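Here is the structure we will look at, set down as structure tokens.
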Amino acid sequence: MSRGSEKPDESPKWMSFRTLLVSSMLLRVFLIIYGEWQDSHMEVRYTDIDYTVFSDAASLMASGESPYKRTTYRYSPLLALLLVPNSIFHRSWGKFIFSASDLLVGLFIREILKLRKVSEKVCTVSVMVWLLNPFTFTIGTRGNCEPIVCAMILWIILSLMKGNLSQAAFWYGLVVHFRVYPIIYALPIILVLDSKLFRSGQKPPLEDWNTLTSSTEKKTFRLKSLFSRERIMFGLISGGVFLACNAVSFYFYGHEFLHEALLYHLTRTDPRHNFSIYFYHIYLHYERQFSAVEKLISFLPQFTVQLALVFSFSKDLVFCMFLQTVAFVAFNKVITAQYFVWFYCLLPLILPWSRMKLKWEGLLCIILWIGAQTHWLLWGYMLEFKGVNVFLQLWMASLVFLAANTFVLVKIIQRHRFSPLFGQYVSSDGKNVKKLD
Amino acid sequence: MGSKRGRSVIAATFIFFSMSCLNSISTTQAGTSMLDSDTFCISDQYIMKSYFTTQSSLKESEFRNFLRLQQCSENIPYEKDVPVVAMLQHREVTGEGSHRHLLTTIKLLRQSHLHELVIVERLPLGVFADPFELQSLQQRRAFSDVSVFGDTDLEQPSFRSNRSVVEIHVEINGNGEISVELPLHARYQLIGESGYSRVEFGEPDLFLCSRHVPNQEHQQRRCLVLSVGRSKTQTRSVVWDIPAGIRSHTEYVSVITFVAAVLSAFSILVASVLSSKVESCKNTKEL
């Protein structure tokens, strides 16, 4: 989004943030009510099957049993606990919680951008990218729990930006317990907690949106700085919270919890068709198990990309997290549409720093990405609903989808205006002064 | 609930046992019943529930043996029932794709004082019924009772799963004709050469039971075996061809998948390194 051509910091009344938030809220309430109507009157349900799984698990928990008695419940017991009121008040309680988290994400996006002094207009447009995204408002209202994870991730970013290290560490430990994938953010967060840039208990100086150049010093590697006080604290607190949550869950629900909520996600290889390029390869080899070497080889591209992104972009923390999430999903063994929301919530945070214009480069990226998905879905429809053997074509469609993801990722990298999250501290002796325009 | 289950299990057990005895009857001709129908009594709601607590396979012989052990208690009066014959008028798999319906139309050729038809559908390997979907159908009154036993894992492919059984209870209305539509889903099949895997359906086992009285614990229910005839039009077997992976694809799919992953990873790696080099050049110029 270009900064040079904007008008003075004013937005028309109809586009004010408050109006946006209120209309988004009303839309979600309407969709939840509509969803209830559709569920009881039509053959095809509005509500996601996962929501039924969570609700069943929650009512099992409410009657003192293990939520894992419900087949395909593969989440933390905390989620079932959160949904216990489904059986007490109303079955839509969970949907309201998820939609509220979705609105919270919108609020956090605005706060994060405001802290970095992004203009009102650019801020509002960025928030609209989240709140008015059809995928976003259907996911919470259909009963999917991903908005809660997104809200937690953004809260962690916000806490770091305000210098609340313990708070950030606590929520990080909790979110990794809740959903394993945020573990990929551990390395960039640790790297960004450089004691030259971040000191706990103090509000760190943030690089503003208006800063044209950043003033990062040339890095000299010192082993001592690798184990700074902040890094150790973050590691200990988040690790402690993660272990404590798992220990309590294990105490109540034993091995079932370990297998269903943790190990399943780490070892999941699903031969059923999905967007991943690996699905057909896994299906064709399903009769025999993969050897350790084979598993390692298939993990190498994912691992290499994650490391490359972290070491190139960790200072620009939010951008790094966005790229890592897109790459993580694209190279994963299983890809389902709900994973996309993991990076949709970070996209509005990087848009103000992108030199990519909507016309025509932005539109091209959107069309290519959505087009590749639609192409895959058409072959998927032929297989699942027409019963035609199109496994090969479907697999090729997933290769095309990976190509589209790679293209969009590379374009975003090329068009990004690199901007570290934290600026240098202004020290009392006048060294390390932050450069501003 | 427990007594209901109890009664149905006994009923179905009894029915199944009788059916097994009657298997020797020719099934291509309608309207013949050679044996006296034995009356079974069941105290569980579903046969298959108690069957699976002691057995693990769906072999005919094991099931027959199990049913022979289900006896009526002395307080159930013995009645010599008039044999009831059912005709399988229509049986086919309808729909397209991985989600289809097994449609079965049955006509009872004689009236009976027993008013609940129990259908025990032993599903072949390769398809499964979703218990949650069946529960919601039951709530919409498609069946008076339904349950799935055996392997109900909805996610495993067929070669990693075992067979399952669906037991359906339907109230008989006046004209004695019942149509049942059972939603089924395909599992992922063993890979092969042709690209399709054929799944064949056998005939269901049918029983007639007395209506269960709610809330009567351990009340035994009488059930009758039905001998099943096929109508003249229903002679071909019921099959479902499910798409399956092709073995000859294996080598090149694996190689190309890996090459694609490496190429993508390499592109992203190059873009990242170039981008961070550009940034550090810029910063060096500034400093």
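Things worth noting here:
- Of the residues A:TRP209, A:TRP93, A:TRP37, the one that moves most in a GNM of chain A with alpha-carbon contacts below 10 Å is A:TRP37.
- Over the stretch B:110-197, volume per residue of the alpha carbon convex hull, in Å³: 110
- Percent of C-alpha pairs per 5 Å bin in the stretch A:319-378, short distances first: 4, 15, 21, 29, 20, 9, 2.
- Stokes-Einstein diffusion of the stretch A:308-415 at 25 °C, 0.890 mPa s viscosity, Kirkwood radius from Cα pairs, rounded to a whole number: 164 µm²/s.
- Per residue of chain A, the DSSP helices (runs of n ≥ 4 H) give a summed -39500 (n - 2.57) that works out to -19500 deg cm²/dmol at 222 nm.
- Every Cα-Cα pair of chain A was included, and the share exceeding 37 Å stands at 27 percent.
- In sequence order, the stretch B:196-211 has phi-based couplings of 9, 10, 8, 10, 10, 9, x, 8, x, 9, 10, 9, 10, 10, 6, 5 Hz under the Karplus curve 6.51 cos²θ - 1.76 cosθ + 1.60, θ = phi - 60°, and Gly or Pro positions carry x.
- Cysteines in chain A that, by Cβ-Cβ distance, have no pairing candidate under 4.7 Å: A:CYS123, A:CYS145, A:CYS245, A:CYS320, A:CYS365
- Considering only A:ASN332, A:ASN405, A:ASN133, the mean-square fluctuation computed in a Gaussian network model of chain A, springs between alpha carbons under 10 angstrom, is largest for A:ASN133.
- For the stretch A:73-86, 3J(HN,Hα) per residue [Karplus equation, 6.51 cos²θ - 1.76 cosθ + 1.60, θ = phi - 60°, Hz, x = Gly/Pro]: 7, 10, 10, 5, x, 4, 5, 4, 4, 4, 9, 4, x, 4
- Across the stretch A:315-324, computed HN-Hα scalar couplings (Karplus, 6.51 cos²θ - 1.76 cosθ + 1.60, θ = phi - 60°) run 5, 8, 3, 5, 5, 4, 5, 4, 4, 4 Hz from first to last residue, x flagging Gly and Pro.
- Cross-link check: pairs A:LYS117/A:LYS357; A:LYS121/A:LYS411; A:LYS333/A:LYS357; A:LYS95/A:LYS315; A:LYS315/A:LYS357 evaluated at a Cα-Cα cut-off of 30 Å; pairs beyond the cut-off: A:LYS333/A:LYS357; A:LYS95/A:LYS315.
- Percentage relative contact order, chain A, counting C-alpha pairs under 8 Å, at least six apart: 18
- For the stretch B:249-271 and the stretch A:33-109, distance of Cα centres in Å: 39
- GNM top mover of A:VAL129, A:VAL341, A:VAL22 - chain A, alpha-carbon springs below 10 Å: A:VAL22
Read-outs throughout are calculated quantities, based only on the coordinates presented, and are distinct from any laboratory measurement. Keep in mind it's a predicted model, so treat the numbers as computed, not measured. Neighbour counts run over all protein chains shown; Cβ positions are idealised from the backbone, glycine included.
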